[in-house]
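Asks: Handing you a structure now.
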Amino acid sequence: MESYLNENFEVKAKHSSEETLEKWRKVCGIVKNPKRRFRFTANLSKRYEAAAMRRTNQEKLRIAVLVSKAAFQFISGVQPGDYVVPEEVKAAGFQVCADELGSIVEGHDVKKLKFHGGVDGIAEKLSTSTTNGLTSDSGLLNKRQGVYGINKFAEPETKGFWVFVWEALQDMTLMILGACAFVSLIVGIAMEGWPKGAHDGLGIVASILLVVFVTATSDYRQSLQFRDLDKEKKKITIQVTRNACRQKMSIYDLLPGDIVHLNIGDQVPADGLFVSGFSVLIDESSLTGECEPVMVNAENPFMLSGTKLQDGSCKMMVTTVGMRTQWGKLMATLSEGGDDETPLQVKLNGVATIIGKVGLFFAVVTFAVLVQGLFTSKLQGGTIWSWSGDEALQMLEFFAVAVTIVVVAVPEGLPLAVTLSLAFAMKKMMNDKALVRHLAACETMGSATSICSDKTGTLTTNHMTVVKSCICMGVKEVGNNNKASFCSEIPESAVKLLLQSIFTNTGGEIVINKSGKCEILGTPTETALLEFGLSLGGDSQAERQASKIVKVEPFNSTKKRMGVVLELPEGGLRAHTKGASEIVLAGCDKVINSEGEVVPLDEESINHLNATINQFANEALRTLCLAYMELENGFSPDSAIPVSGYTCIGIVGIKDPVRPGVKESVATCRSAGITVRMVTGDNINTAKAIARECGILTDDGIAIEGPDFREKTQEELLTLIPKIQVMARSSPMDKHTLVKHLRTTFDEVVAVTGDGTNDAPALHEADIGLAMGIAGTEVAKESADVIILDDNFSTIVTVAKWGRSVYINIQKFVQFQLTVNVVALIVNFSSACLTGSAPLTAVQLLWVNMIMDTLGALALATEPPTDELMKRSPVGKKGNFISNVMWRNILGQALYQFMVIWYLQTKGKAIFNLNGPDSDLILNTLIFNSFVFCQVFNEISSRNMEEIDVFKGILDNYVFVAVLSCTAVFQVIIVEFLGTFANTTPLTFSQWFLSVFIGFIGMPIAAALKMIPV
């Protein structure tokens, strides 16, 4: 079975090709209800539509760019066109309509932009200010929204409960049973009159309706859970200036005229025009499929929604929102494409297909045997040509039993149990601060064998403060109480340079927030430095206004530095740089000494500074080096900022404490067979100090630097990679290489954390990409499978625990359902062959089907995780889903149930002294009752596939207790009160006791089976 599944029903957890997704659908044989079975699979036709739309966009943009280039040459001679502002736009107080704005940006129409007075002209016509943004007056905002629309995409309508009822009714076997019930009603009423003749038919109808409503309720609740998760996925905030105040806002509240602040890694939230900024490179591949990044500046100011900032930072004015943008139209189509199906879903579709074919074969044979028995008796009686109504009803009952065998035999609930379990886990994980973006990540995380984690913000708190510094060659503690003495010990000229470096060469910003207070925006590192600058008495605004910024090179993890070029008020140009201490120091040839003079950097000074860097790093401090250089006046903004020839201002040590609970989480991972590796861009000594504190770096582990790792040969990597526990000064490509080797060469299941734009390739390559919710960029989140909302390593361990829980819960459900399948099939088939009648009627089989399908999934697939799960080794890539342990439990339990029911069928009348006309009905009721209670106790035994104690924590899972109680209560009602519909008769106390006892005996048998080693 496993090899058949691997051949035909094998998909990857990520990036499966369309051919693979098509392949398993074709192989999927007997499907009772395609609408329900394939509800949580990708809609391939919608995906093809989205791909076609991308190709169209690519062509449109290519033409638009060519046209705009040609327009540049003729722009001076062109007269304004005859654009007329629509009356309703004028009445609202604006001078340009939404369609005109859309055509300017989407069409890259330089000509039209010029007609409207460029970016400033458009701002004026939109009644906005490029410095202060929109005013927050709600009346004006509503008017603007009325004219230009909202920044939301059209989404498919949410399905109501009755749609799920209708979809549940699409089940082919239920339709056939419905037809049987209808015929049974007509024949029964014609023969026996109303209401006696209608009992059988109404019984089947009632059972069908019960199955449909329970199924629809379960599916509807599931869809509500997915809807809530979808809402969470779409929560994206962005920095906006309104009322001259910087504030965070949801992208869905943006309106044309808003001034948005974008940084490297952000997604452009709406179509707009570039206002100001530096080194802006835009990746348009998500919209057009074009890999080449596009430079955006004052000459080419067009920015399209859905594209991403690959480099730089800028201010953008929103012009077009929502469904008026190409991204809006593309997203509407893409959202209908759905998520890829998960490997387990597909595998269980395969299991359902195999069992379905076996079941269909058994159903056909059972029907043939029953009909042959009837024909034989008629032939012997010589009445082959004369048929009574009773015989016609008997034929119908045979057909209904055969169809119901197919209902029970095709475990339609298997693939759906996966989504039920995943939906439940995703909802709970959301409460545990993990947002699952892709369903498959939930189950893959359970198999993870290796986690490659960032240091900053994941293992540490990300609350940074400058605690030590080495300015003008003197090492000093930085405390709250010694700020005045700190400045007095450093020459004034050096303090001036230090403050200029801190306040101008920064990716952060000091702004006035809504409440009128100063707020520092930016990464924790930038925030720590700006706080340090303010504590030294610096004035951020004054420093920024004193000199003009000529060029900015933002920080990125490949260069590990950032730089800025200033035009000084007294004339001349100065470059400031800051970054990884040893890298910036290597580019310095001078230093400011204790007298404030610039002196050449001799060997003694270099040794002193390197020793200081190592001393800071060994104390687990992040170190940054700040330096400057005077530039020649011939420097062009188009050329790169130099990397050498600098004067070292000083080194700062930034403290970022380890998060509480990380050490325990790392120990939990180790006991669960998961290797944790730290991959960081920080100094190797800082990384080693933090790794030891977290329990990641052990005595037999290796810490290596990215540049050394890059130079290793393939043979060296084979022996080195298993021992690597820390990789410092790593580039994003080093991370990618490490992940690739772990996955391919060592066959590991790898989870990777990342927050920056450059982490996207590693997140994409990993089996599970984990992006940081607070520090992570939109690009990183887009490439990730799970977003860790609190950036905490302990949450990653929780995700692994839930992943294991999902995997095991589904295994429990599969074990339970296959047992019921096997027994129900064999009992009805063997009985039909040997006695000429089926002990379980259509109505009874439908009830059994519901116990094992919807109710069983609810009970077993929603078990919460236990700490015991993290004491096992991970499944990895090699594990069989239906394990030997499961086969042992299934076959052992099925054998017991079959033997008991067969014994009851052959010897039951003698045991219970059953005589008289009702003896068959009482016996069949006993068999049905015993069979159901066997399933009830088997469900309890299935809670743990290997442990004997199956009652541990049972009361914590109220769903399980509720399902079990409902099953038992409803069984009593069916037997005692619904006999006319369900072909049962009330039982005596002793008969009830024996039925329940037979079911209960299954539990010690299950416990004994668990002691058999496999």
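The values are calculated or read from the model by the stated rules, or taken from the named source; none is laboratory data. In this text, all values refer to a predicted model and were calculated from it rather than measured experimentally. Ideal geometry is used to build each Cβ from the backbone, glycine not excepted, and the neighbour counts take in all protein chains shown. Please note that ligands, DNA and RNA were not included when accessible areas were found on the heavy atoms of the full protein model with its side chains. Shrake-Rupley method; radii C 1.70, N 1.55, O 1.52, S 1.80 Å.
Asks: Have a look at Phe960, Phe933, Phe970 and point out the one that is under 30 Å from Gly197 (Cβ atoms) and within 40 Å of the chain's Cα centre (by Cα).
Replies: Within the list Phe960, Phe933, Phe970, the selection yields Phe970.
Asks: Another one. Are there any pairs, at least 6 apart or on different chains, whose C-beta atoms fall under 8 Å, with the first in region 440-452 and polar (S, T, N, Q) and the second part of a helix (DSSP H, G or I), and if so, which?
Replies: If the second residue must be part of a helix (DSSP H, G or I), the pairs left are Thr444/Pro343; Thr444/Gly803; Ser447/Gly803; Ser447/Tyr807; Ser450/Leu742.
Asks: While we're looking at this one, here's another question. Would you confirm whether or not region 553-569 contains a residue that is open to solvent by less than 40 Å² (accessible area, probe 1.4 Å) and farther than 22 Å from Gly277 by Cα?
Replies: For region 553-569, residues open to solvent by less than 40 Å² (accessible area, probe 1.4 Å) and farther than 22 Å from Gly277 by Cα: absent.
Asks: Return the residues of region 8-23 that are closer than 22 Å to Arg743 by Cβ and either of a type in the set (Ser, Thr, Tyr) or under 21 Å from the mean Cα position of the chain (by Cα) (or both); say none if nothing qualifies.
Replies: Glu10, Val11, Lys12, Ala13, Lys14, His15, Ser16, Ser17, Thr20, Leu21
Asks: Filtering region 938-985 down to residues that are part of a helix (DSSP H, G or I) and of a type in the set (D, E, K, R), which residue is nearest to Ile998 (Cα to Cα)?
Replies: Glu939
Asks: Something else about it: Out of everything in region 496-534 that is free of Cβ contacts under 8 Å to residues at least 12 places away in the same chain and either among the basic types (Lys, Arg) or open to solvent by less than 30 Å² (accessible area, probe 1.4 Å) (or both), what residue ends up being nearest to Cys314 (Cα to Cα)?
Replies: Lys517
Asks: Between a residue in region 455-477 that is within 26 Å of Asp759 (Cα to Cα) and any residue that is open to solvent by 20 Å² or more (accessible area, probe 1.4 Å) and of a type in the set (Gly, Ala, Ser), which pairs come within a Cβ distance under 7 Å, given they are 6 or more apart or on different chains?
Replies: Filtered contacts from region 455-477: Gly457/Ala775; Asn462/Ala775.
Asks: Which ones in region 856-878 are open to solvent by less than 30 Å² (accessible area, probe 1.4 Å), farther than 30 Å from Thr675 by Cβ and assigned to a helix (DSSP H, G or I)?
Replies: Gly856, Ala857, Ala859, Leu860
Per-residue answers, yes or no, for (1) open to solvent by 20 Å² or more (accessible area, probe 1.4 Å); (2) assigned to a helix (DSSP H, G or I):
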{"position": "Glu748", "(1), (2)": "yes, no"}
{"position": "Ala751", "(1), (2)": "no, no"}
{"position": "Asp791", "(1), (2)": "no, no"}
{"position": "Trp802", "(1), (2)": "no, yes"}
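Asks: Can you tell me how many residues within region 129-176 are within 22 Å of Ser305 (Cα to Cα), open to solvent by 60 Å² or more (accessible area, probe 1.4 Å) and among the β-branched types (Val, Ile, Thr)?
Replies: Qualifying residue count, region 129-176: 2.
Asks: Counting residues that are of a type in the set (Phe, Trp, Tyr) and open to solvent by less than 40 Å² (accessible area, probe 1.4 Å), which helices (runs of 4 or more DSSP H) fully inside region 296-413 reach at least 1?
Replies: 326-337, 389-409
Asks: Would you check if Thr835 is surrounded by 22 or more Cβ atoms within 10 Å (Cβ to Cβ) and over 24 Å from the mean Cα position of the chain (by Cα)?
Replies: No, not satisfied.
Asks: Would you tally the residues in region 629-666 being more than 22 Å from Thr458 (Cβ to Cβ) and either open to solvent by 40 Å² or more (accessible area, probe 1.4 Å) or not in a strand (DSSP E or B) (or both)?
Replies: Counting residues in region 629-666 that are more than 22 Å from Thr458 (Cβ to Cβ) and either open to solvent by 40 Å² or more (accessible area, probe 1.4 Å) or not in a strand (DSSP E or B) (or both) gives 15.
Asks: Follow-up question, since we're still on this one. Of all residues in region 258-283, which are in contact with a helix residue (DSSP H, G or I) (Cβ under 7 Å, 6 or more places away or on another chain) and either of a type in the set (Asp, Glu) or in the same structural domain as Ile641 (by the TED database) (or both)?
Replies: Those that are in contact with a helix residue (DSSP H, G or I) (Cβ under 7 Å, 6 or more places away or on another chain) and either of a type in the set (Asp, Glu) or in the same structural domain as Ile641 (by the TED database) (or both): Asp266, Asp271.
Every residue, every condition in (1) closer than 30 Å to Ala771 by Cβ; (2) open to solvent by 10 Å² or more (accessible area, probe 1.4 Å), yes or no:
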{"position": "Lys427", "(1), (2)": "yes, yes"}
{"position": "His438", "(1), (2)": "yes, yes"}
{"position": "Gly457", "(1), (2)": "yes, no"}
{"position": "His463", "(1), (2)": "yes, yes"}
{"position": "Ser469", "(1), (2)": "no, no"}
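Asks: What number goes with the only condition from (1) on the phi > 0 side of the Ramachandran plot; (2) surrounded by fewer than 12 Cβ atoms within 10 Å (Cβ to Cβ) that Asn983 does not pass?
Replies: (2)
Asks: Against the conditions (1) aromatic (Phe, Trp, Tyr); (2) surrounded by fewer than 24 Cβ atoms within 10 Å (Cβ to Cβ); (3) closer than 25 Å to Asp734 by Cα, where does Phe829 fall short? Just the number, please.
Replies: So the condition that Phe829 fails would be (3).
Asks: Given the residues Leu566, Leu609, Leu626, which is the only one that is out of contact with any Pro (no Cβ under 8 Å at 6 or more places or on another chain), outside any loop (DSSP other than H, G, I, E, B) and farther than 30 Å from Pro657 by Cβ?
Replies: The unique qualifying residue is Leu566.
Asks: Can you find even one residue in region 485-505 that is at pLDDT below 85 and polar (S, T, N, Q)?
Replies: Yes, there is a match, as at least one residue in region 485-505 is at pLDDT below 85 and polar (S, T, N, Q).
Asks: What residue, among those in region 526-553 that are of a type in the set (D, E, K, R) and not in a strand (DSSP E or B), is nearest to the chain's Cα centre (by Cα)?
Replies: So the residue we want is Glu526.
Asks: Find the residue count for region 906-920, including only residues that are within 17 Å of Phe989 (Cα to Cα) and open to solvent by 60 Å² or more (accessible area, probe 1.4 Å).
Replies: Number of matching residues: 3.
Asks: Give the residue that is most open to solvent (accessible area, probe 1.4 Å), with candidates limited to residues of region 106-128 that are assigned to a helix (DSSP H, G or I) and farther than 16 Å from Tyr83 by Cα.
Replies: Glu124
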